[in-house]
Amino acid sequence: NRKAQKSFKSGFVSIVGRPNVGKSTLLNHLVGQKVAIMSNKPQTTRNKITAVLNTEEGQVIFLDTPGIHKPKSKLGDYMVSVAENTLNEVDLVLFVIDATEKRGAGDEYIIERLGQVKTPVFLVINKIDKVHPEALLPIIDEYRQLYPFKQIIPISAMEGNNTGSLVQAIFEEMEEGPMFYPADQITDHPERFVMAELIREKVLHLTREEVPHSIAVTIEEVKRGENGKTLYIYAAIYVERDSQKGILIGEKGQMLKEIGKRARTDIERLMGEKVFLELWIKVKKDWRNQERMLRNFGFYN
Ligand code: GDP
Ligand code: MG
Ligand code: K
């Protein structure tokens, strides 16, 4: 039947906006009871995963983007560049504003940053329950002139007005993809997921268009060395074609070496300890459509 053929979509969404515009309220509303707080170590991970939305259509993983607020220090500058990388690597950015507040320096700053970003951006005008409908048009006009938002969606996160349209629009931006995260359970090892994402990120970064989103990374094993110090991590990168495998290995293995080096640096920062990372590449044709394989890949564990 048609429904069975419908593909599963998934992707990553960053939510940005100045404080108190309603980002947390929106997240809570979108994911309801299924909010999964993944990590409580602010700024140790580049992308803090705040919530996972599971629907029949697919899965959306929301990321907190640290550093999008105006930096107050040199360290802040560093976080800003990290945030910009994040915004470029997700599939969609939601820029949330408050319909009852005038545009401020915080908004200006974010819009300026979004200027560096290639990812599609939706403007989400929140708290419409507090304004007259006629007040929305000038806001839409004002913001439309500042940035080419792909969509502008007025909502009330608190009352749930128009949030269904927002979810629908979000899924329109998601591509076919795996269920990255178990649907009903909060994992004991959130780091494994982040580790895999860090590796995937390096692959996409270093290979650009040559190796598209048709890759998956799974952490096969994490164990501590006999000296009790080094953490050994074994990860597999799944591709769909032999040609992609060739690209990922690179001449004399240089590409794989570079992917491993960069991923290890980030994973060490994540874990706060020394890491040995071994990567290998496996070819599995059409893996994205095969749920059982996804299970084997550990997406459900
Ligand atoms: P954040 O700092 O962006 O995460 O904002 P919060 O989600 O913490 O919300 C800030 C305040 O705005 C809270 O008091 C919320 O209850 C309120 N708020 C959020 N969304 C709405 C909304 O749609 N309508 C109204 N009236 N208040 C909202
Ligand atoms: Mg908040
Ligand atoms: K992307």
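Since every read-out is calculated from the coordinates, none of them should be taken as a lab result. Keep in mind it's a predicted model, so treat the numbers as computed, not measured. Using ideal geometry, Cβ is built from the backbone for each residue, glycine included, and neighbour counts are taken over all protein chains shown.
The table below gives the values:
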item: Pairwise FRET efficiency - A169 versus E220, Cβ, R0 = 35 Å, nearest 0.05; result: 0.45
item: Charge sum, other residues only, whose C-beta stays under 12 Å from K102's C-beta, Lys/Arg counted +1 and Asp/Glu -1; result: -3
item: Spatial separation of Cα centroids for region 84-121 and region 238-270, in angstrom; result: 31 Å
item: Computed FRET value (nearest 0.05) for Y234 with S7, which takes r as the C-beta separation and R₀ as 30 Å; result: 0.50
item: Simple label model, 7 Å out from Cα along Cβ direction - Y147 to K285, nm; result: 4.4 nm
item: Cβ crowding within 10 Å averaged over residues, with 128-139, 257-268 ranked highest first; result: 257-268, 128-139
item: Cut-off under 5 Å, modelled amide H: who pairs with L146 long-range; result: none
item: Inter-site label distance for R269 and S243 at 7 Å from Cα along Cβ, in nm; result: 3.4 nm
item: Estimated FRET transfer efficiency when R0 is 25 angstrom, pair A135-E112 (beta carbons, to 0.05); result: 0.50
